[in-house]
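Here is the structure we will look at.
Any read-out appearing in this document is the output of simple, stated calculations on the displayed coordinates, not a laboratory observation. None of these values were measured; they are calculated from a predicted model. Cβ sites come from the backbone with ideal geometry, for glycine too, and all protein chains shown count toward neighbours.
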Amino acid sequence: MVKRLIVKIDEEKCNGCGKCVSPCAEGAIQIINGKAKVVSEELCDGMGFCIGVCPQGAISIEERDTIDFNPDAVAMAKVNRGKAKETKTGHENTSIYCFQCGLSENERYLIPLRHGKESIWVCTRCLPSLIHG
């Protein structure tokens with residue numbers, strides 16, 4: 001066990017909308033029985049990109065004793081997710097939008113970003129104005 005930052009989800013506040021799933025590049029969060037859950041603590045890097053998209057304020061970062069982050073497990077999870085997506089048909093809906101212009105990842109390239117102690121998504125067109133003011 002190591003002491004490190006990790007995501008904590010308050011199940012009482014969570015409404016199961018799933019907006020936190022996509023920003024988690026490591027695949028640590030899934031919707032199970034209508035609630036967001038950290039499915040494997042070794043997949044959570046503690047960066048918190050999921051926090052900024054939660055409309056209920058159900059996600060926080062806490063420092064606690066847990067298992068170490070495992071990049072190899074993340075790589076394997078990504079391979080498995082890729083295989084699962086290959087079997088799906090149709091267009092996958094997105095819940096990630098640029099914080100400034102509101103366009104989705106289907107309309108623009110989006111980048112996860114920490115700004116002002118907040119995790120946000122910003123598109124490549126809005127990023128320069130965020131940087132330069």
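Quick notes
- Counting only DSSP H runs of at least 4 residues, each contributing -39500 (n - 2.57), and dividing by the residue count of the chain, the helix-based mean residue ellipticity at 222 nm comes to -5500 deg cm²/dmol.
- Charge tally in the Cβ shell below 10 Å around ASP65, where Lys, Arg are +1 and Asp, Glu are -1, ASP65 excluded: +2
- Percent RCO, i.e. relative contact order, over the chain, from Cα pairs under 8 Å lying at least 6 residues apart: 25
- The count of lysine pairs in the stretch 2-87 with alpha-carbon distances below 23 Å, taking only pairs 8 or more places apart or on different chains, stands at 17.
- Charge tally for ILE31 (other residues, Cβ to Cβ under 11 Å; Lys, Arg +1; Asp, Glu -1): +3.
- In terms of its alpha-carbon gyration tensor, the stretch 2-87 comes out oblate; a/c meets the 1.5 threshold, while b/c is at least as large as a/b.
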